[in-house]
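One structure is given below, encoded as C-alpha cells.
The values are calculated or read from the model by the stated rules, or taken from the named source; none is laboratory data. Since the structure is predicted, the reported quantities are computational estimates derived from the model, not experimental observations. Note: ideal-geometry Cβ built from the backbone for every residue, glycine included; neighbour counts use all protein chains shown. Note: accessible area is taken over every heavy atom of the protein model, side chains too, but ligands, DNA and RNA are not part of it. Shrake-Rupley method; radii C 1.70, N 1.55, O 1.52, S 1.80 Å.
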Amino acid sequence: MSLTALSISEETTDKDWKAISTKFEMASPEAVLSWAIEEFSPDVALATGFGAEGCVLVAMLSAIRPLKPGPGPRIFCLDTDLLFPETYALRDQLEARYGVHFERRATSLSLSDQAAQYGERLWEREPDLCCRLRKVEPLREMLKGLRAWVTGIRRDQSPARAGTGLVERDDKFDLIKINPLAAWSAHDVWNYIAKHDVPYNTLHDRGYPSIGCVPCTTPVQLGETSRAGRWRGTGKSECGIHEGG
C-alpha cells in the first residue's frame with residue numbers, strides 16, 4: 001500500500017492509527033514526515049528541544065517541499081528560561097543553516113515570580129510542578145488548534161518510550177502525535193548527523209547525551225542510560241510532555 005494512500009478522517013479510531021503506524025514501520029523517517037506534512041498541513045508543527053533527534057528532523061523538514069501553497073511547516077521550541085547557553089547558540093545556528101524560524105513558546109511566569117509564588121529553586125523540591133509550569137502548560141497552549149504534532153522521541157531512549165508508535169493518538173493533548181524517528185537507534189541518529197553535517201549541541205561531546213534545563217541536567221557516566229543525567233537523584237525521568245494524561 002502506498003504511503004500517500006494512507007488517508008484519515010474524523011472517524012479514524014485508535015485501531016486505525018495503530019494500523020497506519022504499522023504500515024510505516026518499513027518507511028524512512030523522511031517518508032513519515034512528508035506524509036504528516038501533506039496530511040495535516042497547515043495544522044501540524046514540529047516540536048524540538050534541540051536534542052540530536054530534533055536537529056535531524058529540522059534538517060529533514062527543511063528539505064521537504066510542501067505540495068500545498070503557503071508558508072513552510074511550523075517549528076517550535078519550549079523555552080523554560082533555564083536552557084544552556086549552548087542550546088540557544090544551536091537554535092541560532094540551525095536557523096541560519098536551514099532558513100527556518102523557531103516559534104518560542106514559554107510560560108508568562110517569570111523565574112522571579114515563580115520563586116515568589118512557589119519558593120526558590122522549585123525544580124529541586126518539586127520538579128514535576130516546575131516542569132508542568134514551564135513546559136507542559138506552554139505546550140498545551142501551543143497545541144491548541146493543531147491536528148497533529150511531530151516529535152523526535154525514540155523507543156530505545158527509555159523504558160517509558162519503548163512502545164512509541166510512528167503515528168499515534170495523543171490523548172493527553174487531544175491530537176495526533178507523529179514520531180518519525182521512533183524506530184531509529186542513537187547510532188542511526190548520529191550517522192545521519194555525520195553524513196549530512198547537521199549542527200548539534202556541543203554539550204553532546206562533553207558527556208551530555210540528553211540535554212534539558214541547566215539545573216536538572218548533569219553529565220552521564222560510563223554504563224548509565226542516556227537519560228540518567230536528567231533530574232538526577234529524584235527518580236524522575238520524563239518532564240511530562242510524553243507521558244499519558
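Among V167, V150, P138, whose Cα sits farthest toward the positive end of the charge dipole of the stretch 109-218 (+1 at Cβ of Lys/Arg, -1 at Cβ of Asp/Glu, about the Cα centre)?
It is V167, whose Cα lies furthest towards the positive end.
With a bin width of 5 angstrom, please list the P(r) values of the stretch 21-124 as percents of all Cα-Cα pairs, from the 0 bin to the one holding the largest distance.
The percentages, shortest bin first, are 2, 10, 19, 19, 16, 12, 9, 6, 5, 2, 0.
Roughly how big is the stretch 126-245's charge dipole about its Cα centre, with Cβ charges of +1 (Lys, Arg) and -1 (Asp, Glu), in debye to the nearest 20?
I would put it at about 80 debye.
Going from the alpha-carbon gyration tensor of the chain, what semi-axes, largest first and in whole Å, does one get by taking the root of 5 times each eigenvalue?
29, 20, 19
Compute the relative contact order of the stretch 123-243 as a whole-number percentage, counting only Cα pairs closer than 8 Å that sit 6 or more residues apart in sequence.
23 percent
Restricting everything to alpha-carbon atoms, can you work out Rg to Rh for the stretch 177-235 with a Kirkwood hydrodynamic radius?
1.00
Along the charge dipole of the chain, Cβ charges K/R +1 and D/E -1, which of N191, I211, A36 sits furthest on the positive end?
Final value for the positive-end residue is N191.
Please report, in debye to the nearest 20, how large the charge dipole of the chain is about its Cα centre when each Lys and Arg carries +1 at its beta carbon and each Asp and Glu carries -1 there.
Value, rounded to 20: 180 debye.
Counting heavy atoms of the protein chains only and a 1.4 Å probe, report the per residue accessible area for the chain as a whole number of Å².
About 50 Å² of surface per residue is accessible.
Of all the accessible heavy-atom surface of the stretch 31-153, with the other protein chains kept in place and a 1.4 Å probe, what percent is carbon and sulfur?
So the carbon and sulfur contribution to the accessible surface is 51 percent.
In the stretch 131-185, if every C-alpha pair distance is counted and binned at 5 Å from zero, what percent goes to each bin?
The percentages, shortest bin first, are 4, 20, 24, 24, 20, 8, 1.
Just from its helices, what would the mean residue ellipticity at 222 nm be for the chain, if runs of 4 or more DSSP H residues each count -39500 (n - 2.57) and the sum is divided by every residue, rounded to the nearest 500 deg cm²/dmol?
Numbers: 9 runs with 82 residues, N = 245.
Counting only the DSSP helices, I get -9500 deg cm²/dmol.
What base-10 log of the normalised intensity I(q)/I(0) is obtained for the stretch 106-219 from the Debye formula, alpha carbons as equal point scatterers, at q = 0.10, 0.11, 0.15 Å⁻¹?
At q = 0.10, 0.11, 0.15 Å⁻¹ the computed log10 ratios are -0.42, -0.50, -0.92.
What base-10 log of the normalised intensity I(q)/I(0) is obtained for the stretch 73-171 from the Debye formula, alpha carbons as equal point scatterers, at q = 0.13, 0.14, 0.15, 0.20 Å⁻¹?
-0.62, -0.72, -0.83, -1.24
For the stretch 177-245, with all protein chains present and a 1.4 Å probe, just round the carbon and sulfur fraction of the accessible area to a whole percent.
In the stretch 177-245, the share of accessible area belonging to carbon and sulfur is 52 percent.
May I ask what percent, to the nearest 5, of DSSP beta bridges between residues of the chain are antiparallel?
In the chain, DSSP labels about 30 percent of beta bridges as antiparallel.
Expressed as an acute angle from 0 to 90° and rounded to the nearest 10, what is the orientation of the C-alpha long axis of helix 85-98 relative to the principal long axis of the chain?
Roughly 20 degrees, rounded to the nearest 10.
Please compute the contact order of the stretch 11-168 in relative form: average sequence separation of alpha-carbon pairs under 8 Å and at least six residues apart, divided by the residue count, as a percent.
Dividing the mean separation by the residue count of the stretch 11-168 yields 32 percent.
Compare Y208, Y192, Y200 in a GNM of the chain, Cα atoms joined below 10 Å, and give the one with the largest fluctuation.
Y192
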